[in-house]
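Below: one structure, written as structure tokens.
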Amino acid sequence: MSLVVAHIAIPDAELVERFVRSAGPGGQNVNKVATAVELRFDVAGSPSLPEPVRERLLARRDRRVTGEGVLVISAQRFRTQERNREDARERLAHFIEAGLHVPKTRIATRPSRGARERRLGEKKQRSTIKRGRSPQNWE
């Protein structure tokens, strides 16, 4: 079984899952059963990802991506191992979808002459209001 996001298929061989004990409340079940999932995906070394998508994902400032380019997702929201596993895979899919969108290039613009004049007029008006608040010399 493989994870499919949009038109990208990631085989299970590229995903490393480790089951660990979950933190937080839950009584004896938490102490005995390893329900939390730690999913690792090598973004930098994955042959499944197209090069532009890989570059966009690695360029994101995401604390889950290590210095070597490995994405680490830990899921412990649910009480069962299977639900946590599905949750981790969904979060991986959302992460990859974020890399599919090409950001729009910014077009440099300048404020119009009228906008500049309005801004300066408002600043002048504000300064006269503030100047009027200061104590006057009545003598």
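The values are calculated or read from the model by the stated rules, or taken from the named source; none is laboratory data. The model shown is predicted, which means the values in this text are computed figures rather than measured ones. In this analysis, Cβ positions are derived from the backbone assuming ideal geometry, glycine residues included, and neighbour counts consider all displayed protein chains. SASA here: full protein model, heavy atoms, side chains in, ligands and nucleic acids out. Shrake-Rupley method; radii C 1.70, N 1.55, O 1.52, S 1.80 Å.
Observations on the model:
- Members of the stretch 87-117 that are surrounded by 14 or more Cβ atoms within 10 Å (Cβ to Cβ) and not small (Gly, Ala, Ser): Asp87, Arg89, Arg91, Leu92, Phe95, Ile96, Leu100
- Single condition Phe41 does not satisfy, out of (1) closer than 20 Å to Val5 by Cα; (2) open to solvent by 50 Å² or more (accessible area, probe 1.4 Å): (2)
- Flag not set for Ala108, criterion: modelled with pLDDT under 90 and small (Gly, Ala, Ser).
- Condition broken by Arg60, with the remaining ones in (1) under 20 Å from Ala13 (Cα atoms); (2) among the basic types (Lys, Arg); (3) at pLDDT below 85; (4) open to solvent by 50 Å² or more (accessible area, probe 1.4 Å) satisfied: (1)
- Residue selection: Glu82 fails the criterion of being surrounded by 10 or more Cβ atoms within 10 Å (Cβ to Cβ), more than 19 Å from Leu15 (Cα to Cα) and without any contact (Cβ under 8 Å) to a residue 24 or more places away in the chain.
- Residue in the stretch 107-116 that is more than 21 Å from Ser22 (Cβ to Cβ) and within 18 Å of the chain's Cα centre (by Cα) present: no
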